[in-house]
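Working notes, structure below.
The values are calculated or read from the model by the stated rules, or taken from the named source; none is laboratory data. Note that the structure is predicted; figures quoted are calculated from it, not measured. No Cβ is skipped: glycine too gets one built from the backbone with ideal geometry, and neighbour counts run over all protein chains shown. Side chains are part of the model used for accessible areas, which takes the heavy atoms of the whole protein and leaves out ligands, DNA and RNA. Shrake-Rupley method; radii C 1.70, N 1.55, O 1.52, S 1.80 Å.
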Amino acid sequence: MSRLLILFGLLYLLYRKARGGSPGRTQSEQEAGSVKHDILIEDPVCHTYVPKSQAVSLDRGDKIYYFCSRKCRDAFCRKEEQP
Ligand SMILES: [Zn+2]
């Protein structure tokens with residue numbers, strides 16, 4: 001019986017860890033900071049939303065496009081070249 005209680009105790013600890021471990025304030029502050037930097041931008045090729053910091057950019061003078069990967073950027077270039 002006591003073994004079972006210990007098992008439940010461990011599960012409870014794991015559960016709390018999985019939900020984010022350390023208590024509240026500092027973590028939410030960090031999250032708020034990172035959200036500021038990571039604006040989500042839509043990839044015009046595959047329509048995925050990517051964080052700006054990780055996006056592949058393409059400068060077209062008047063406009064800068066952002067893509068989830070080089071593959072999508074290349075696809076976008078090819079599409080523009082062919083009428
Ligand atoms: Zn893409």
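Structure summary
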read-out: In the range 42-65, residue surrounded by the fewest Cβ atoms within 10 Å (Cβ to Cβ) [restricted to those that are within 10 Å of the ligand (Cβ to nearest atom) and charged (D, E, K, R)]; value: E42
read-out: Matching residues in the range 48-83 - criterion: being among the small types (G, A, S) and assigned to a helix (DSSP H, G or I); value: S53, A75
read-out: Candidates C68, C77, C72 - the one that is open to solvent by less than 100 Å² (accessible area, probe 1.4 Å), within 16 Å of the ligand (Cβ to nearest atom), touching a Leu at 6+ places or on another chain (Cβ under 9 Å) and modelled with pLDDT of 80 or more; value: C77
